Amino acid sequence: MKQPILELKNIVKEFYGNRALSNVSLTLMPGSVHAIVGENGAGKSTFIKILTGAYSKTSGDIYVGGELINQMDPLVSKKLGIHCIYQELNVANDLTVAENVFLGIQPVKRFGLINWKKMHQDAKVIFDSLQIRIDPKQLVRQVSIAQKQMIEIARAISQQAKVLIMDEPTSSLSNREIEILLHLIGELKQQGIGILYISHRMDEIFRIADTVTVLRDGQHIKTMPLKEVSGVDELVELMANRKVADYFNKVEVPIGKPVLKVEGLSKSNKFHDIGFELREGEIVGVAGLVGSGRTEIAMTLFGMLKKDSGTISIDGRPVDIRSPRDAIKLGIGFVTENRKETGLALKMSVRENMTLPTLKQFDKMLWVDRKKESKAAEEYRTRLNIKTTSLEQRISNLSGGNQQKAIIARWMIQGTRILILDEPCRGVDVRAKAEIFAQISKLAQQGITVLMISSEIQEIVGMSDRVIVMKEGHMAGMLEKPMITPDHILKLAFGGANRA
């Protein structure tokens, strides 16, 4: 019988008398994937930091290879073969791939000179063993995010990794890159490496994990083999302590008059001959594979891309949207899929991020009426339950879910009529998702029109009144209830017959 590669027994972590973890236990076997799931604040990050030596446990026992480890620190953790690949990648962009793989442990020749030939050869051996094709001599800044992740994995292998912790490893990857990474995880399992896998993406967990541990509010709720889990609903209910029926918070509202109409909209090499209509109080989902043109349509409606042909009409009148400023004036708001790069001013406060497009509302001669601005921001902080110590706190210090709610608040303050949401719940936990979905439903109740793009079919099915399905830059079809099902969406996305 195999010996566990890692065991944690009754781990407790307290901060100033407050328990962040309470009697959490976990066993990791070699060559297996053990998923850890839970909402933000469930204790996952604290758990990782104890394993990597960033935090000291308050009590409990850690065994590596059957040996009790009395004191864990970052150096001890690495020597024991425990490596973590974080969501924010840790690579040196101006060094080569091989230099990153062997950073700090470069092979040397006589007189301490780096043995470049051996380093390149050794890097190639590691990549070949993992069936990865990357040029060891290439600069890291020239490779994709997925390849940077693979470089970090190769670095861990070069340091004799026994345990690999992956923290939201697919949050910034395309579907194709995700497939490559999941295949690589299979290769790591065959080499006997134990993997702790942390992700909000349930479909990935059911595909690759052997065992799952659920944490909630620092408590160990349950550990079970994946084959004994009935489905996503069971995991979500364990994580959130509520039924999935309460998850989407979709309220059916009367659909009003047409607000926005698109006819023959085309953009070279992006999308072709797109036509649809959006109505007051309606939530229209946009589904399809990455690269199908979903985001590009949204960017065109918001003036970030220039259309080649076609018309956009609002309230029956053709409009010319040449910039985001034009779109905002017409009552269109846009929550982008990459909030950190294109949605937030990370060095600014929560208040400033919430009121950026609406400063004219708070104009007081040549100055901003800070009291009026703060009152508006405070109102929406309360309405959307944005958890922050202060409106003046840097928005970069908020969780992903609270950052996303602040961006939605921005457009609510603006008085937006048409709100485009591109992956509104990417990288947020189930509780934050439920709150965001509740707000989306409230917007529809207020007569606001919502166009929601999502890669998560459950989100599309749970929230949409109608669904546009995209395939390779074309509309594969428009689904209406009761045809909005995962089967119908997938058939259209992968090339089935159109449904109008």
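The values are calculated or read from the model by the stated rules, or taken from the named source; none is laboratory data. Values in this document were obtained by computation on a predicted structure and should not be read as measured data. Cβ sites come from the backbone with ideal geometry, for glycine too, and all protein chains shown count toward neighbours.
At least 1 residues that are of a type in the set (A, V, I, L, M) and over 23 Å from the mean Cα position of the chain (by Cα) in each: list the helices (runs of 4 or more DSSP H) lying fully within the range 403-500 that qualify. Walk me through how you get there before you give the answer.
Numbers: elements: 430-445, 457-463, 486-493.
Fully inside the range 403-500 and qualifying: 430-445, 486-493.
Checking each residue in the range 370-404 for being surrounded by 15 or more Cβ atoms within 10 Å (Cβ to Cβ), touching an Asp or Glu at 6+ places or on another chain (Cβ under 7 Å) and not aliphatic (A, V, I, L, M) picks out only GLY401. Of everything in the range 1-17 that is in a loop (DSSP other than H, G, I, E, B) and of a type outside the set (Ser, Thr, Tyr), the residue that is farthest from VAL163 (Cα to Cα) is GLY17. Here SER390 does not qualify as within 22 Å of ALA42 (Cα to Cα), of a type in the set (Gly, Ala, Ser) and modelled with pLDDT of 85 or more. Applying the selection to the range 460-492, what residues are within 22 Å of LYS442 (Cα to Cα) and crowded, with 23+ Cβ neighbours inside 10 Å? Selection gives ILE460, MET463, SER464, VAL467, ILE468.
Condition check: out of contact with any Phe, Trp or Tyr (no Cβ under 8 Å at 6 or more places or on another chain) and either assigned to a strand (DSSP E or B) or in contact (Cβ under 8 Å) with a residue 12 or more places away in the chain (or both). Does VAL24 satisfy that? Write out each step before concluding.
Numbers: out of contact with any Phe, Trp or Tyr (no Cβ under 8 Å at 6 or more places or on another chain): no; either assigned to a strand (DSSP E or B) or in contact (Cβ under 8 Å) with a residue 12 or more places away in the chain (or both): yes.
Here the answer is no, as VAL24 does not meet what is asked.
When we screen ALA209, ALA156 for residues that are buried (at least 17 other Cβ atoms within 10 Å of the Cβ) and more than 30 Å from ALA434 (Cα to Cα), the only hit is ALA156.
Looking only at the range 353-367, decide whether some residue is surrounded by 12 or more Cβ atoms within 10 Å (Cβ to Cβ) and either in contact (Cβ under 8 Å) with a residue 60 or more places away in the chain or basic (Lys, Arg) (or both). No: the range 353-367 contains no residue that is surrounded by 12 or more Cβ atoms within 10 Å (Cβ to Cβ) and either in contact (Cβ under 8 Å) with a residue 60 or more places away in the chain or basic (Lys, Arg) (or both). Test ILE328 against the criterion of being within 18 Å of VAL262 (Cβ to Cβ) and either modelled with pLDDT of 90 or more or buried (at least 19 other Cβ atoms within 10 Å of the Cβ) (or both), and give yes or no. Taking the combined requirement at face value, the residue does not satisfy it.
In the range 406-451, which residue that is within 23 Å of ILE255 (Cβ to Cβ) and of a type in the set (Lys, Arg) is surrounded by the most Cβ atoms within 10 Å (Cβ to Cβ)? If we take residues in the range 406-451 being within 23 Å of ILE255 (Cβ to Cβ) and of a type in the set (Lys, Arg), then ARG417 is surrounded by the most Cβ atoms within 10 Å (Cβ to Cβ).
The C-beta contact set for the range 87-104 (first residue free of Cβ contacts under 8 Å to residues at least 40 places away in the same chain, second residue surrounded by 15 or more Cβ atoms within 10 Å (Cβ to Cβ) and assigned to a loop (DSSP other than H, G, I, E, B), distance under 7 angstrom, 6+ apart or interchain) comprises ALA98/PRO136. Scanning the range 148-174 for residues that are part of a helix (DSSP H, G or I), more than 25 Å from THR27 (Cα to Cα) and of a type in the set (A, V, I, L, M, F, W, C) yields MET150, ILE151.
For the structure I just gave you, tell me whether GLU177 is in a helix (DSSP H, G or I), surrounded by 18 or more Cβ atoms within 10 Å (Cβ to Cβ) and in contact with a helix residue (DSSP H, G or I) (Cβ under 9 Å, 6 or more places away or on another chain). Taking the combined requirement at face value, the residue satisfies it. The residues on offer are VAL286, VAL214, VAL262, VAL232, and the sole one that is out of contact with any helix residue (DSSP H, G or I) (no Cβ under 6 Å at 6 or more places or on another chain) and at negative phi is VAL262.
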